[in-house]
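Peer 1: Have a look at the structure that comes next, please.
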Amino acid sequence: MEFLGGPLTPSSPRIPCYRTLDGTGKHIPDAVVPHDLQQQDAVALYTAMAKLQVMDTICYDAQRQGRFSFFMTCAGEEATVVGSAAGLDPRDMVFSQYREHGVLLWRGFSFDDFANQLYGNSLEPGQGRQMPIHYGSKELNYQTVSSPLATQLPHAAGAAYAMKLDGADTVAAAYFGEGASSEGDFHAALNFAATLGAPCLFICRNNGYAISTPANEQYAGDGIACRGTAYGMPAIRVDGGDARAVYCATRAAREIALRDGCPVLIEAMSYRSGHHSTSDDSSRYRTREEMVAWRARDPVVRFRHWLVANAWWDEEREKQLRHATRQQVIEALEKASKVAKPPVSALFSDVYADMPWHLQEQLQETLQVARRHPHLCPPDMPVQ
Amino acid sequence: MDSNDKALVFGEDVAFGGVFRCTVGLLERYGRRCFNTPLCEQGIVGFGIGLATQGYTPIAEIQFADYIYPAFDQLVNEAAKYRYRSGGTFTAGGLTVRAPYGAVGHGGHYHSQSVESFFTHVPGLKVVVPSSPAQAKGLLLSCIQDPDPCIFFEPKMLYRTSVEEVPVGEYTIPLGQAQVLREGADITLIGWGAQVHVLAQAAQAVADADGISCEVLDLRTLLPWDVQAVTASVNKTGRLLVSHEAPLSSGFGAELVAEVSRRCFLRLEAPPVRVCGADTPFPLVFEPLYLPGVERVVDAIRATVRF
């Protein structure tokens with residue numbers, strides 16, 4: 001009679017971590033690289049990650065200046081998000097959590113698109129109904145973000161199952177943090193996907209923190225990857241700071257999912273270099289030393305070193321890219337700030353496909369309120 | 001299932017026919033389009049939402065309405081808001097969730113609940129309750145075809161006790177429309193599901209014994225509800241009685257009474273009254289006293305008419 005498992009000790013076996021570049025971005029000599037990146041793709045990947053960093057920095061500062069109410073960066077996780085995005089097919093449906101806007105950027109979401117959503121103006125599909133960073137795009141196959149954590153995971157399982165029934169050669173890809181993986185919906189989604197056979201990628205960004213809660217207060221087992229085995233699906237742990245490894249793992253996972261009609265779990269180990277959001281000050285729960293140590297392993301810098309070593313990138317191009325991106329992002333924010341807000345009627349439309357009688361009544365009442373008390377209406381919101 | 005090959009039926013135990021035999025024969029006729037899921041309501045609804053986003057018509061069963069609560073987040077925060085938050089870019093409108101609800105004589109706390117008022121408070125959902133087999137077919141088909149996520153509560157008491165001729169072909173009953181089951185002049189009785197039959201009995205009893213003429217409305221859809229039918233009736237009779245099995249406080253009857261009081265205030269001859277379940281968990285041996293049975297309804301009709 002033998003009881004398996006138990007609390008982890010330093011000598012407990014752990015699922016190994018797949019990587020292809022070391023901490024300084026040097027290729028690891030015997031690394032397995034089934035889909036090596038050629039110059040064009042590598043530069044595209046790097047460019048996207050660098051643009052993401054620039055956009056994040058400017059938008060974070062814009063929020064601090066009061067230009068819009070809220071923002072979240074993905075600092076430290078650029079390789080996880082862009083690397084995996086590059087490993088997917090653009091037709092794969094993405095169900096994200098809230099820190100994966102790098103997928104959108106990779107797929108072609110413009111700075112204008114981002115800015116419009118941040119300002120909640122009339123050009124953004126969400127019509128200003130949700131907080132900033134709740135992006136969505138039908139054209140880019142990216143489901144609109146919702147704040148509740150892990151709710152997107154069963155959706156992805158269902159969407160993937162639909163794709164299988166359709167005989168499609170696409171997968172659904174769900175992103176989530178290690179914190180969200182504690183939610184019941186994580187369990188529900190993985191169990192359904194494995195039991196019913198849904199070609200779904202579950203991509204966990206284990207970034208070490210759920211707001212202020214460190215990972216060792218989130219779970220007692222060997223991270224998230226070990227749960228895949230428990231549900232009967234293949235799982236891999238990957239160095240989330242190694243863009244090439246993430247790319248390879250995602251492509252391979254996708255192939256498995258399509259070939260076997262089954263889900264695959266990817267746990268990407270990384271670090272949330274920035275605060276949880278603009279509403280957070282992480283210096284209250286972690287040390288400068290810890291953050292400095294991780295910034296020294298910045299995934300974007302690591303990947304740049306690899307490009308430079310291949311003579312695919314240089315200082316001049318770096319400067320030009322960062323400068324040009326800065327200009328573009330600032331311009332986009334400026335432009336978006338001048339676009340009118342959605343009309344008052346957008347408060348009541350889209351609750352249902354057709355507006356029922358009680359919403360029609362409430363809309364008329366609200367228009368009267370807006371006319372009687374104009375100060376309640378944002379200045380650039382049409383009263384109609 | 002015949003006309004829409006993207007229609008899927010799934011949930012716990014649906015494959016063998018279901019604990020109430022609602023899905024008997026579907027596996028044989030439609031194969032993998034009728035399938036069991038693991039035992040997990042949040043998974044059932046979340047999975048259904050995902051199917052709906054891909055253009056499928058998921059018809060998800062929750063085995064008892066008493067067990068719908070794990071799926072509450074998926075229904076309220078996700079399904080209900082899917083269209084609004086994305087500006088119509090995405091919707092979960094293809095989703096229909098069916099659940100048996102209500103008293104069955106011996107169900108106690110966890111096999112008898114009426115949960116409709118948790119959901120009538122959620123913008124973006126539709127809530128529908130049939131009162132008979134013919135109503136069930138027409139209303140369910142409307143829910144399935146409706147472009148918004150619908151919750152369909154089936155009065156389990158009526159699975160075996162309610163018998164009527166049901167047209168064989170396809171037909172729908174419009175959502176958002178009440179039905180006048182009995183015309184009357186002195187008081188409007190409003191209910192849904194199994195309670196409609198209690199109201200019908202009470203109406204007949206007071207007609208025979210007291211010469212009171214009751215108008216009986218089956219609300220059928222609770223969200224959105226048929227304000228025109230309700231106010232037309234109360235404007236005619238001047239009196240309102242709403243009755244539901246769900247506990248009195250904050251039950252859906254409160255919504256109807258509040259709106260009717262506002263819209264028909266000057267016409268009312270008596271305060272609107274609610275005859276409902278007690279504000280307790282649904283009890284076992286006390287069920288006849290807990291429920292708004294015909295005796296309590298008759299008492300309330302008489303008191304209201306004599307106000």
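Peer 1: Condition test on B:E164, is it at negative phi and assigned to a loop (DSSP other than H, G, I, E, B)?
Peer 2: Against the criterion (at negative phi and assigned to a loop (DSSP other than H, G, I, E, B)), B:E164 qualifies.
Peer 1: Shifting gears a bit: So, in region A:249-276, how many residues would count as being out of contact with any Cys (no Cβ under 9 Å at 6 or more places or on another chain), crowded, with 24+ Cβ neighbours inside 10 Å and not hydroxyl-bearing (S, T, Y)?
Peer 2: Final tally of qualifying residues: 2.
Peer 1: Could you list, in sequence order, the residues of region A:309-330 that are part of a helix (DSSP H, G or I), free of Cβ contacts under 8 Å to residues at least 60 places away in the same chain and open to solvent by 60 Å² or more (accessible area, probe 1.4 Å)?
Peer 2: Matches in region A:309-330: A:E315, A:E316, A:R317, A:K319, A:Q320, A:H323, A:Q327.
Peer 1: Sort through B:L284, B:L289 and tell me the only one that's open to solvent by 30 Å² or more (accessible area, probe 1.4 Å), aliphatic (A, V, I, L, M), without any contact (Cβ under 8 Å) to a residue 24 or more places away in the chain and within 30 Å of B:G107 (Cβ to Cβ).
Peer 2: The conditions single out B:L289.
Peer 1: Could you name every one of the strands (runs of 3 or more DSSP E) located completely within region B:1-101 that has at least 2 residues being buried (at least 19 other Cβ atoms within 10 Å of the Cβ), more than 9 Å from chain A (Cβ to nearest Cβ) and touching a residue at least 24 places away in the same chain (Cβ under 8 Å)?
Peer 2: The strands (runs of 3 or more DSSP E) meeting that bar are B:7-11, B:57-61, B:96-101.
Peer 1: Quick one: in region A:134-149, of everything that is out of contact with any His (no Cβ under 9 Å at 6 or more places or on another chain) and among the small types (G, A, S), which residue is farthest from the other protein chains (Cβ to nearest Cβ)?
Peer 2: A:S137
Peer 1: Here's another thing I want to ask about it. Which ones in region B:222-242 are open to solvent by 10 Å² or more (accessible area, probe 1.4 Å) and either among the β-branched types (V, I, T) or touching a residue at least 40 places away in the same chain (Cβ under 8 Å) (or both)?
Peer 2: Hits for region B:222-242 are B:L223, B:P224, B:W225, B:D226, B:V227, B:A229, B:T231, B:K236, B:R239.
Peer 1: Every residue in region A:172-200 that is more than 9 Å from chain B (Cβ to nearest Cβ), within 19 Å of A:I224 (Cβ to Cβ), in contact with a Leu (Cβ under 8 Å, 6 or more places away or on another chain) and open to solvent by less than 20 Å² (accessible area, probe 1.4 Å), please.
Peer 2: A:A173, A:A174, A:F176, A:G177, A:G179, A:A180, A:F186, A:L190
Peer 1: Could you check how many residues of region B:102-144 are open to solvent by less than 10 Å² (accessible area, probe 1.4 Å) and either modelled with pLDDT under 95 or in a strand (DSSP E or B) (or both)?
Peer 2: 2
Peer 1: If a residue has to be open to solvent by less than 10 Å² (accessible area, probe 1.4 Å) and part of a helix (DSSP H, G or I) to count, how many in region B:196-215 make the cut?
Peer 2: 5
Peer 1: Here's another thing I want to ask about it. Given the criteria surrounded by 24 or more Cβ atoms within 10 Å (Cβ to Cβ) and either farther than 30 Å from A:F348 by Cα or not polar (S, T, N, Q) (or both), does A:E78 qualify?
Peer 2: Yes: the conditions hold for A:E78.
Peer 1: Then there is this: Within 26 Å of B:P155 (Cα to Cα) and within 16 Å of the chain's Cα centre (by Cα): is that true of B:E245 in this structure?
Peer 2: yes
Peer 1: Could you give every pair whose Cβ atoms fall below 9 Å, whose first residue belongs to region B:170-186 and is under 14 Å from B:V196 (Cα atoms) and in a strand (DSSP E or B), and whose second residue is at pLDDT 95 or above and open to solvent by 60 Å² or more (accessible area, probe 1.4 Å), counting only separations of at least 6 or pairs across chains?
Peer 2: Filtered contacts from region B:170-186: B:R182/B:Q204.
Peer 1: Okay, next question. Confirm whether B:G193 is under 28 Å from B:A80 (Cα atoms) and small (G, A, S).
Peer 2: yes
Peer 1: Answer yes or no as to whether A:R295 is of a type in the set (K, R), open to solvent by 20 Å² or more (accessible area, probe 1.4 Å) and in contact with a helix residue (DSSP H, G or I) (Cβ under 6 Å, 6 or more places away or on another chain).
Peer 2: When the stated conditions are applied, A:R295 does not pass them.
Peer 1: May I pose another question? Considering only residues that are more than 10 Å from every other protein chain (Cβ to nearest Cβ) and acidic (D, E), which ones fall in region A:346-376?
Peer 2: Once the filter is applied, which keeps residues that are more than 10 Å from every other protein chain (Cβ to nearest Cβ) and acidic (D, E), region A:346-376 yields only A:E365.
Peer 1: Sort through A:S337, A:S349 and tell me the only one that's outside any helix (DSSP H, G or I) and either surrounded by 15 or more Cβ atoms within 10 Å (Cβ to Cβ) or within 24 Å of the chain's Cα centre (by Cα) (or both).
Peer 2: A:S349
Peer 1: Find the residue count for region B:243-281, including only residues that are outside any loop (DSSP other than H, G, I, E, B), open to solvent by 20 Å² or more (accessible area, probe 1.4 Å) and hydroxyl-bearing (S, T, Y).
Peer 2: Residues in region B:243-281 being outside any loop (DSSP other than H, G, I, E, B), open to solvent by 20 Å² or more (accessible area, probe 1.4 Å) and hydroxyl-bearing (S, T, Y): 1 in total.
The values are calculated or read from the model by the stated rules, or taken from the named source; none is laboratory data. Since this is a predicted model, take the numbers as computed values, not measurements. All Cβ positions, even for glycine, are placed from backbone atoms using ideal geometry, and neighbour counts span all protein chains on display. For accessibility, only protein heavy atoms count, side chains too; no ligands or nucleic acids. Shrake-Rupley method; radii C 1.70, N 1.55, O 1.52, S 1.80 Å.
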